[in-house]
Ligand SMILES: CC(C)(COP(=O)(O)OP(=O)(O)OC[C@H]1O[C@@H](n2cnc3c(N)ncnc32)[C@H](O)[C@@H]1OP(=O)(O)O)[C@@H](O)C(=O)NCCC(=O)NCCS
């Protein structure tokens with residue numbers, strides 16, 4: 001399958017203003033020939049990492065996302081995709097050393113999200129909405145009591161989707177601050193859809209600090225929900241599909 005991202009990006013598309021965040025939605029279904037082509041863009045260590053995934057769909061999800069991340073970053077940085085060099089923060093968050101770009105990535109069944117900005121610590125998360133018989137038990141165990149209570153109050157037809165919204169909001173925040181799930185999902189609270197606007201309610205009990213964060217839903221296809229978290233307010237968020 002031919003590469004469908006326009007080459008080169010229209011003039012100006014590679015530029016991100018300081019108040020702008022670019023989000024790319026990246027479909028992860030490819031034919032076998034494209035999978036081989038994308039695999040050829042990975043570094044040795046990425047190939048080794050891919051090989052450690054025993055479950056083939058997870059291996060392919062990682063490889064396709066990473067190759068398309070390389071393609072996209074290459075366009076913004078004016079480099080060959082194989083020459084994009086990744087680093088990591090001291091908490092393991094991937095970085096682009098020596099460049100002004102910051103990014104964050106999330107991938108799930110069928111879809112990846114790539115968020116890009118200049119000098120902002122971004123977090124994105126995407127989940128496929130699926131049957132989750134234990135979602136209310138998980139909410140009670142891992143979320144704040146307020147989040148769990150509001151999810152429990154929803155009709156069963158709404159609570160699974162709302163659970164995944166809450167999950168993506170919380171994980172996007174953790175990824176923005178560069179920490180993983182072990183930091184504690186119960187240490188901060190997010191709003192619960194469908195009735196409340198998407199926002200961070202408190203961080204370690206502090207509502208004032210939370211109000212300085214942008215937390216937003218990303219409109220995706222019917223089978224996926226996603227969220228973006230970034231400290232600060234008033235950003236212009238541009239969401240683009242890979243094929244456009
Ligand atoms: C980071 C984490 C939240 C990602 O969640 P996930 O649902 O497994 O996966 P997602 O698809 O949403 O995100 C994966 C991407 O997040 C990014 N990522 C990895 N570590 C990250 C971190 N510390 N902060 C922000 N983003 C991170 C990577 O780009 C990764 O992509 P890759 O797997 O293709 O390399 C989860 O794996 C985790 O909790 N890891 C533990 C990290 C940790 O505890 N670090 C603290 C050490 S002090």
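The values are calculated or read from the model by the stated rules, or taken from the named source; none is laboratory data. What you see is a predicted model, and the numbers here were worked out from it, not measured in a lab. So basically every Cβ, Gly included, is an ideal-geometry build from the backbone, and we count neighbours across all protein chains shown.
Listing for the model above:
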| read-out | value |
| --- | --- |
| Residue match in segment 73-80 (condition: in a helix (DSSP H, G or I), within 15 Å of the ligand (Cβ to nearest atom) and closer than 28 Å to residue 237 by Cα) | yes |
| Odd one out for residue 178, checked against (1) surrounded by fewer than 21 Cβ atoms within 10 Å (Cβ to Cβ); (2) more than 20 Å from residue 146 (Cα to Cα); (3) in contact with a strand residue (DSSP E or B) (Cβ under 8 Å, 6 or more places away or on another chain) | (3) |
| Residue that is nearest to the ligand (Cβ to nearest atom) [pool: residues in segment 176-195 that are part of a loop (DSSP other than H, G, I, E, B) and free of Cβ contacts under 8 Å to residues at least 12 places away in the same chain] | 184 |
| Flag if residue 148 is in a helix (DSSP H, G or I), under 29 Å from residue 164 (Cα atoms), modelled with pLDDT of 95 or more and assigned by TED's automatic domain parsing to the domain that holds residue 180 | yes |
| Residue identified as surrounded by 14 or more Cβ atoms within 10 Å (Cβ to Cβ), more than 30 Å from residue 194 (Cβ to Cβ) and either in contact (Cβ under 8 Å) with a residue 40 or more places away in the chain or not assigned by TED's automatic domain parsing to the domain that holds residue 43 (or both) among 105, 118 | 118 |
| Tabulated pairs, segment 163-175, first in the same structural domain as residue 146 (by TED's automatic domain parsing) and touching a residue at least 12 places away in the same chain (Cβ under 8 Å), second within 12 Å of the ligand (Cβ to nearest atom) and part of a helix (DSSP H, G or I), C-beta under 8 angstrom, 6+ apart or interchain | 170/185; 171/181; 174/181; 174/183; 174/185 |
